[in-house]
Amino acid sequence: MRPIPSAPSSGAARIIAATCVVALLYVGREVLAPLALAGVLSLVLAPLKRRLARKGLGHAAGAAISVLLATAGIVLAGLFLTSQFVDVASDMPQYRQAVRSKLQRARDVIIRPLERIRSDIGEVVPEAQAPRLPNARAGAAVIAPGTEASLSRSDATAAFLSSLWSPLSKAGMVLVLLVFILLGHETIRERVIRLAGEAEVGGTIQAIEDAAQGVSRYLFSQFVVNTTFGVVLGLALWIVGIPNPALWGALGALSRFVPYVGALGAGVAIAGFAAAVDPGWSLMFWSIGCFLVLSGVVAHFVEPQVYGHTAGLAPLGVVLSAIFWGSVWGPLGLLLSTPMTLCLVVAGRYIRALEPITVVFGETPGLSEGLRLYQQALSGDPQNIVTAGRPYLRRSNFARYCDQVVLPALALASADARQARIGKEQQERVRTSIRQAAEALARTSNAVDASRRRRSSSLLDADIGAHLRQMRETRLSVWPGSRAELDSSLVLCAGLGNDRDELMGELLAQALRDEGIESKSISVDAGWDYGGSPPGLTAGSGSALVSTVVLAYPLKEDHAAWQSASLKVRDAYPYAMVLTVKPPYQEGLTDEMLVRGPVDLVVRSYSEVVAFVLALREPAS
């Protein structure tokens with residue numbers, strides 16, 4: 001999907017624009033924060049509204065019912081937490097003695113030794129006469145005992161209602177905005193499309209859908225995981241004997257919606273409460289242990305399986321977004337930091353002006369696998385290539401790894417070499433690193449079950465088509481040897497003897513061997529006379545046992561030498577199928593019309609070569 005273009009701007013203009021946006025977010029936080037909360041909630045409730053609308057209730061009724069259900073859930077949760085807090089507050093006086101006892105013990109263990117050290121030092125070094133400070137309270141009004149003013153009942157009620165007015169008014173604003181956003185989802189989408197431009201309808205709709213689905217998936221998965229965490233934590237705290245375990249389980253679940261800081265705060269609160277209710281220290285250690293074990297299990301085992309890649313944000317991106325939105329919008333911004341940043345990251349994939357946000361906060365930096373391998377090869381450390389390639393080979397084969405990762409990297413190296421952006425030494429470093437990494441990855445690939453590796457090497461998956469099937473049948477009809485000799489025949493990967501062709505031939509030969517096909521990489525140079533076998537082959541590898549020869553696709557400057565090499569191949573192996581692989585990423589290649597004559601087939605990938613050779617060896621149906 002082509003990104004939506006934005007107007008070009010200079011670096012200074014972008015900095016000024018970003019500063020203005022941040023200032024607008026801070027100044028307008030009283031309005032923008034509730035609007036953002038309503039927008040995020042609308043994305044979560046949109047699937048429920050659409051489902052209700054499809055059942056015949058209509059969009060208006062579906063939106064109203066969705067908002068009512070969400071409001072009822074929030075109110076019930078609030079009432080439950082309030083009742084639990086009231087119970088804890090009523091029980092706090094009986095915990096006062098335990099708290100005083102622990103503070104006294106802490107004083108005896110920590111403060112008293114420090115006071116003793118200070119006393120010993122004072123006996124050796126006399127204290128300096130401290131200057132007399134003026135009485136700071138001179139002239140201050142002194143309130144006589146018994147004359148303190150007390151708030152009347154009406155004043156206390158007014159103060160209580162005043163403290164509730166701000167959150168209630170914001171909650172009402174969010175509900176009103178949520179209803180109108182749900183009712184006007186289609187209209188809002190049309191307005192966004194109109195602002196983006198009619199020429200970019202596809203990209204804009206895709207960006208909106210990706211953002212909606214990503215946030216909905218993430219928040220729903222997070223809700224399920226955190227609710228389960230809260231239930232299990234409450235049960236664990238009930239087993240160890242913590243009073244009001246439901247409250248602390250709910251607190252643990254809610255705190256996980258705030259990245260990193262929330263879980264830490266919940267753990268400290270639970271540990272402090274356990275220390276207050278128990279005269280000893282065992283209950284506090286048990287509660288800390290339960291919280292840490294459950295948090296570790298969820299973070300390292302549950303979350304990677306449930307929504308490890310759903311959020312699409314890097315861990316550092318989550319922290320930075322929490323700091324930014326928390327600083328701009330306070331606690332509400334901290335709660336909205338992940339979904340808000342996720343929306344911007346998704347939008348940055350389609351809107352060029354927001355692309356830096358995607359690069360900084362996204363789960364991946366946006367580099368292609370080929371570019372990443374090229375950078376690793378330039379550094380001259382093949383071990384990094386091997387580490388990144390092993391997971392790929394566990395789910396695919398070496399041929400596809402070459403097609404999607406190695407060949408694009410070699411194309412980038414070739415382009416940089418043509419533009420003189422890398423020198424001879426760097427080119428040799430790239431080739432050496434890739435060759436060493438390929439040898440190590442070959443051992444990894446050979447250890448993988450063959451049935452798993454071959455699932456992507458079928459003739460259909462390679463998209464060779466009926467034309468190649470017909471050519472296969474034609475080749476089988478003129479094959480002079482037996483069927484057994486065909487199944488054990490050799491595949492030659494031939495090149496002109498330069499560094500490029502040798503490396504590509506070695507990679508293709510390894511891809512074939514990865515599928516159990518005997519293959520060898522050779523050079524077609526001046527030492528190979530017409531009518532004979534190429535140098536380097538043993539006497540047992542004669543022309544009758546070679547069923548396929550794969551020539552490296554020529555560069556424009558090597559076309560004449562390649563034509564001569566193709567004639568040598570034809571003369572040496574008249575019954576062999578001659579193929580060539582045209583890399584789709586490389587520049588400076590010979591026109592395909594000049595290549596089609598000397599070869600039987602031009603394919604586009606190593607996977608197609610592997611699929612064709614495997615099909616050649618299948619029993620005729």
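Here are some notes:
- Packing-based ranking, highest mean first, of 591-603, 556-568 given that Cβ atoms within 10 Å are counted: 556-568, 591-603
- Relative packing of 493-501, 71-79, 332-340, which averages over residues the other C-beta atoms within 10 Å, highest first: 332-340, 493-501, 71-79
- Packing-based order for 606-614, 219-227, 570-578, using average beta carbon neighbours within 10 Å, highest first: 606-614, 570-578, 219-227
- For the residue pairs Lys520/Lys582; Lys55/Lys170; Lys424/Lys568; Lys520/Lys556, the C-alpha atoms sit more than 22 angstrom apart in Lys55/Lys170; Lys424/Lys568; Lys520/Lys556.
- Electrostatic bookkeeping for Arg500 treats Lys and Arg as +1 and Asp and Glu as -1; over the other residues with beta carbon under 10 Å from its beta carbon, the sum is -3.
- Over the stretch 369-452, relative contact order from alpha-carbon pairs under 8 Å, at least 6 apart, %: 47 percent
- Directionally averaged shadow of the stretch 316-436, computed from the convex hull of its alpha-carbon atoms, nm²: 9.9 nm²
- Rounded, prolate or oblate (a/c below 1.5 giving rounded, otherwise prolate when a/b exceeds b/c) for the stretch 369-452 by Cα gyration tensor: prolate
Just so you know, all these numbers are worked out from the coordinates, no wet-lab data involved. Bear in mind that the values here come from a model prediction, so they are computed numbers and not experimental data. No Cβ is skipped: glycine too gets one built from the backbone with ideal geometry, and neighbour counts run over all protein chains shown.
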